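Values quoted throughout were computed directly from the atomic coordinates according to the rules given, and no laboratory measurement underlies them. Note that the coordinates shown come from a computational prediction; the quantities given were computed from them, not determined experimentally. So basically every Cβ, Gly included, is an ideal-geometry build from the backbone, and we count neighbours across all protein chains shown.
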Amino acid sequence: MNNALPFHDLSPDTASLVNVRFDGTEYALPEGANLAAALLAAGVTVFRTTPTSQAPRAPYCMMGACYDCLVKIDGTTRQACMTEVRKGLIVERAHTAGGVDENG
Ligand code: FES
């Protein structure tokens with residue numbers, strides 16, 4: 001592997017797994033992985049619900065444009081696709097139409 005590239009291997013065999021809580025369930029996710037991708041790979045299919053009809057939403061664009069991956073992380077509304085997995089994250093489903101909290 002060319003170490004000059006800005007990519008690193010996050011396969012389960014090499015990445016260190018850290019505990020992340022999503023809506024009260026603990027998941028062991030690869031540290032440094034994209035949070036939306038890691039949760040999808042772990043089987044999470046609903047990241048938020050819409051405020052009017054409670055329709056389920058899940059990541060769609062994976063590049064910060066659609067806001068369908070909004071979650072509450074440590075009490076702040078963030079885009080899961082723009083967040084890296086870190087040890088001890090506490091993530092909850094968001095019940096919002098869109099937008100991230102300031103500094104989010
Ligand atoms: S998946 Fe579209 S903004 Fe995150």
(request) Compute the projected area of the convex hull of the Cα atoms of the range 17-92, averaged over all viewing directions, and report it in nm² to one decimal place. (result) 4.6 nm²
(message) Given points 7 Å out from each Cα along the Cα-Cβ axis, report the Arg86 to Leu17 separation in nanometres with one decimal.
(response) 2.2 nm
